[in-house]
Amino acid sequence: MQVPAFDLTRQNEQLAKPLAEAYQKVVAGGNFILGEAVKRFEAEMAEVLRVKHAVAVANGSDALVLALMALEIGPGDEVIVPGFTFFATAGAVCRVGATPVFADVLPGSYNLNPAAVRTKVTSRTKAIVPVHLFGGPAAMAELMALASEYNVAVIEDAAQSGGSICGGLPTGSIGDLGCFSFFPTKNLGCFGDGGMVTTQSDALAEKLRMLRVHGARKKYYHELLGFNSRLDTLQAAILQVKLPHLGEWLARRQAIAAKYREGLKGVPGIHLPDEAEGHTYNQFTITTPRRDALREYLAAHAIGSTIYYPLGLHLQPVFSGLGYGRGDLPVTEELTETVLSLPVFPELSEAEQEYVIAKILKFSEGETCRK
Ligand SMILES: Cc1ncc(COP(=O)(O)O)c(C=O)c1O
């Protein structure tokens, strides 16, 4: 048996007919930029995410840049981000000329540690960017309280957590702004790049709608310095076909996570991620001190696995000028050496998952015998 880390083709095969019809409709309509499908998709997402405004943009990285621009964050400002996340969370801060300040994460949830964030706040701090990593909700109640104590904004990086719930609210609807990605492997993915910014604020939404079209409210009259970041009509049409299935797909991800928990409970040397209500398991990420050996063993048995992420952002070469060193974010650094993401996607079969679990158990038995 072969088990891929993820397989996008299975979902597309199931939806082949409606996807083809959606594609043909857009092609026949001839309106490829910010067309009707984009407007309808924005309205549908606003409803699902329980926000007043959803502004579709070109990708999740732009969503973060545009959110920072809408808050007028720039040179001289600091933005607190986790050290353990995808590059874009911090890259976006630099794109607007501000400085990312890296805070450590919690070992079981892999998300921002509010106590670590508190130690990083200065008079220059303008925003905190909690990431709901792997679909697991960040400690939003504590982080929102901290943000209000210091009067700084909160931008949720919900790129990996489309459909996750945190304290009864959809992730991306809690902070001042929420940023989503529709990269193909996300909970809701399109056939290329896509993204979205959500907000409850009329003023911020108006600004975002201008910023994504070079700062123009009226065509060819530019009031702000924006750039070109729009969701293609074609991608919106594809996302509209997929959105009604999101609930069942997330339930399947949660069922797969539950089965991993059951199958791997108490296995020596394997640590499971914290359980959290509303987690949607865009990744099911374990930690183990023998990570590289386990990964090789799984690969030898045709099982895909992924390391998200092998290097903390504070240690990335591009940020060397910021003065961080090894030991500054100990939890992040330990995670980069121990995390392993196992296959999880809605179409993963029971037999495939049982095979993955059986191989991990076999590997662990061997490890225990060797000790
Ligand atoms: C946490 C996080 N933030 C931001 C992004 C950026 O999204 P995109 O790839 O759509 O630009 C991603 C995507 O991988 C992500 O995982």
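The values are calculated or read from the model by the stated rules, or taken from the named source; none is laboratory data. Note that this is a predicted model, so its numbers are computed, not measured. No Cβ is skipped: glycine too gets one built from the backbone with ideal geometry, and neighbour counts run over all protein chains shown.
Being outside any helix (DSSP H, G or I), more than 23 Å from the chain's Cα centre (by Cα) and over 29 Å from residue 362 (Cα atoms) is the filter here; which residues of the stretch 291-337 pass it?
323, 324, 325, 326, 327, 328
Going by the structure shown, is residue 163 touching a residue at least 60 places away in the same chain (Cβ under 8 Å), within 16 Å of the ligand (Cβ to nearest atom), outside the structural domain of residue 345 (by TED's automatic domain parsing) and under 17 Å from the mean Cα position of the chain (by Cα)?
For residue 163, the condition - touching a residue at least 60 places away in the same chain (Cβ under 8 Å), within 16 Å of the ligand (Cβ to nearest atom), outside the structural domain of residue 345 (by TED's automatic domain parsing) and under 17 Å from the mean Cα position of the chain (by Cα) - is met.
Looking at 180, 191, which one is more than 18 Å from residue 52 (Cβ to Cβ), of a type in the set (A, V, I, L, M, F, W, C) and out of contact with any Phe, Trp or Tyr (no Cβ under 8 Å at 6 or more places or on another chain)?
Values: 180 fails: more than 18 Å from residue 52 (Cβ to Cβ).
Answer to the selection: 191.
The rows are residues; the columns are (1) among the aliphatic types (A, V, I, L, M); (2) surrounded by 12 or more Cβ atoms within 10 Å (Cβ to Cβ); (3) modelled with pLDDT under 95; (4) touching a helix residue (DSSP H, G or I) at 6+ places or on another chain (Cβ under 6 Å).
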{"position": "307", "(1), (2), (3), (4)": "yes, yes, no, no"}
{"position": "310", "(1), (2), (3), (4)": "no, no, no, yes"}
{"position": "313", "(1), (2), (3), (4)": "yes, yes, no, yes"}
{"position": "326", "(1), (2), (3), (4)": "no, no, no, no"}
{"position": "335", "(1), (2), (3), (4)": "yes, yes, no, no"}
{"position": "341", "(1), (2), (3), (4)": "no, yes, no, no"}
{"position": "350", "(1), (2), (3), (4)": "no, no, no, no"}
{"position": "371", "(1), (2), (3), (4)": "no, no, yes, no"}
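Quick check, is residue 128 within 27 Å of residue 229 (Cβ to Cβ), more than 10 Å from the ligand (Cβ to nearest atom) and either in the same structural domain as residue 327 (by TED's automatic domain parsing) or not small (Gly, Ala, Ser) (or both)?
On the way: within 27 Å of residue 229 (Cβ to Cβ): yes; more than 10 Å from the ligand (Cβ to nearest atom): yes; either in the same structural domain as residue 327 (by TED's automatic domain parsing) or not small (Gly, Ala, Ser) (or both): yes.
Judged against the criteria, residue 128 is a match.
Return yes when residue 56 is among the small types (Gly, Ala, Ser) and touching a residue at least 12 places away in the same chain (Cβ under 8 Å) and no when it is not.
yes
Results for (1) more than 13 Å from the ligand (Cβ to nearest atom); (2) among the polar types (S, T, N, Q); (3) outside the structural domain of residue 68 (by TED's automatic domain parsing); (4) assigned to a helix (DSSP H, G or I), shown as yes or no for each residue.
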| position | (1), (2), (3), (4) |
| --- | --- |
| 94 | yes, no, no, yes |
| 97 | yes, no, no, no |
| 117 | yes, no, no, yes |
| 121 | yes, no, no, no |
| 141 | yes, no, no, yes |
| 149 | yes, no, no, yes |
| 154 | yes, no, no, no |
| 159 | no, no, no, no |
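Here are some conditions: (1) more than 9 Å from the ligand (Cβ to nearest atom); (2) outside any loop (DSSP other than H, G, I, E, B). Residue 180 meets all but one. Which one does it not meet?
Here residue 180 clears every test but (1).
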